[in-house]
Amino acid sequence: MKSEDKNTKVNHQIPIKNVEIHQPAKSDAYQPRDQIYVRKVKGVFQRLRQKMNFFFLGLFAVLPWLQYDGHQAILFDIGEQRFTLWSVTLWPQDLTLLAWLFILSAFLLFFITTFLGRVWCGYLCPQTVWTFIFIWFEEKIEGTANQRKKLDSQAMNVNKFWRKALKHLCWGFFSILTALTFAGYFAPMREVFVDFFTFNASFALAATIWFFAFCTYGNAGWMREIMCLHMCPYARFQSAMFDKDTLTVSYDAKRGENRGPRTRKQDPKEVGLGDCIDCNLCVQVCPTGIDIRNGLQYECINCGACVDACNDVMDRMKYSRGLIRYTTEHELEGKKVHLVRGKLVGYAVVLIVMTSLLILEMANRAPVSLDIIRDRNELSKENFNGDIENVYTLKILNKSQKDNRYRLSVKGIDNTKWHGEREVLVKAAKVYTLPISISVDPYELEGYMTDISFVIELVSDTDEVKLEHESRFFNKR
């Protein structure tokens, strides 16, 4: 009886099932903590990646040197609190425009990811670009992947020392150049280079350059795939944007399995094999060290290195290309691929709407701004004429790229007297501070507080710019 009760009790318990948590799918030769020796591969996608990397790197290096109308074309000037983009200068007052730009960039990334997968990571991400540049230095100085691995396994000798020293010197020099270029986006580029190499750079500038150089050296030289696998949040939330029609690098398991070596003359069907010869080249060329044959993984950056390596093997074996290729989940399942789908259309609509609103906001952006600061010590006073006087400080910001003359006035109260300059010249992209006072006959005032407006007008025969800023005029109690 007790035995039956015990069995009954066991049958009502919740069954336990072991669940294997997914880890980076590295092969036995490429464990997560082992260094990855990326093998060089040639092919269509690697040539495309190299050209895009070269374009991106050239753009990064050249842009801060460009001049426009006597000033640096692109400059995030932290000291002056302004962002110059050719003929447009954005100030803290234009923070909403910068927010629009960042949000627009995010949705553009979402759109591209939904359509083309993680191509940003494989072709344009700075981490990927600089990693491949550092690997290029390794290949030129230390040799191929096998030669580098063999060199690292050796005890320290003269050959190993000079190769390692030269490699790290090249890494360090390129990191410093990268840091100097990066700093040139936030301070005048020509001054950055001159001050740094003449040891006249400020502590803040020098610290920024050395810190960014250290980060570049560490990220591209040592961290590499760790940045992509564990530190970059994009790898984690990209699955929320993927669908079964997203273009990804995939292995055609139906065609490739069963894997196994064979000679070129052997028919794989006769020996019960698929097209995959299990050469592991797709693993050896992968910058994150994964095996794409294990299926879609968040570690894959869609660089296409495994595609080129596999296509080269297929050519040698005289098999058709595309065992590993850019494809979709629906295509692999033999289903219809939908280029136009709800998520993609949604992102496209948001992009169009946000771009239109941004253009509209830029078109309606006033080329001048006016801030009014009241005298905080005394709201109002009675002057020697018996008039009520209020003191203000006007801050006029010329947002354009040329010097402009402005005319100032006030409205809201009749018969006001203006004490101070009425017409001022403001330099391009500068702030002009103008202290003034307004006095009024007390009989013109109806109460303790009266709403007024300061008016600023551009003095020009061609352009018409007029801006009003509300303020208050206080009477004596």
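Read-outs throughout are calculated quantities, based only on the coordinates presented, and are distinct from any laboratory measurement. Keep in mind that what you see is a predicted model, and the values were worked out from it rather than measured. Don't worry about glycine lacking a Cβ; one is built from the backbone with ideal geometry, like all the others, and counts go over all protein chains shown.
From the alpha carbon centroid of the stretch 323-343 to that of the stretch 416-461 is 65 Å.
Extension gain for W136-C215 works out to 26.6 nm (0.36 nm per residue, less the C-alpha to C-alpha distance). Scattering from the stretch 316-400 was approximated by placing one identical point on each alpha carbon and applying the Debye formula without solvent; log10 I(q)/I(0) at 0.12 1/Å stands at -0.74.
Contour minus end-to-end for T263 and L108, with contour as 0.36 nm per residue of separation and end-to-end as the Cα-Cα distance?
So the extension gain works out to 51.1 nm.
Placing a label point 7 Å from the Cα of E468 along the Cα-to-Cβ direction, the residues of the stretch 363-378 whose backbone N falls under 17 Å from that point are 366, 369-372. Cβ crowding within 10 Å ranks Y392, Y234, Y251 as Y234, Y392, Y251, fewest other Cβ atoms first. Taking the longest Cα principal axis of the chain as reference, the axis of helix 342-363 is set at about 30 degrees.
Applying 1/(1 + (r/R0)^6) with R0 = 30 Å to the Cβ-Cβ distance of I359 and E421, what FRET efficiency is obtained, to the nearest 0.05? Walk me through the intermediate numbers first.
On the way: r = 36 Å, r/R0 = 1.21.
Once the sixth-power term is evaluated, E becomes 0.25.
With contacts taken as Cα pairs under 8 Å and at least 6 residues apart, the stretch 368-474 reaches a relative contact order of 30 percent.
Based on the Cβ-Cβ distance of S460 and L101, what FRET efficiency does E = 1/(1 + (r/R0)^6) give at R0 = 35 Å, to the nearest 0.05? Mind showing how you got there, number by number?
Numbers: r = 30 Å, r/R0 = 0.85.
For R0 = 35 Å, the calculated efficiency reads 0.75.
Under 16 Å of direct C-alpha separation, and excluding same-chain neighbours fewer than eight residues apart, K476 reaches these lysines: K381.
Given the pairs K395/K466; K399/K427; K269/K335; K244/K343; K140/K160, which span a C-alpha to C-alpha distance of over 20 angstrom in this model? Table pairs above 20 Å Cα-Cα are K269/K335. Taking a point 7 Å from the Cα of L48 along the Cα-to-Cβ direction, the residues of the stretch 211-247 with backbone N closer than 15 Å to it are 247.
Note on the stretch 316-475: dipole from Cβ charges, positive end direction compared against S380, Y319, A429; the farthest Cα belongs to Y319.
Backbone amide hydrogens, once placed in the peptide plane, bring A73 within less than 5 Å of L66, Q67, Y68, excluding anything fewer than 5 places away on its chain.
Rounded to the nearest Hz, the phi-derived 3J(HN,Hα) couplings of the stretch 368-375 under the Karplus curve 6.51 cos²θ - 1.76 cosθ + 1.60 (θ = phi - 60°) are 8, 10, 9, 10, 10, 10, 7, 6, where x marks glycine and proline. Taking every C-alpha pair closer than 8 Å and separated by at least 6 residues, the mean separation divided by the residue count of the chain gives a relative contact order of 15 percent. Here's how it looks for R82: its modeled amide H is under 5 Å from those of D77, which are all 5 or more places away or on a different chain.
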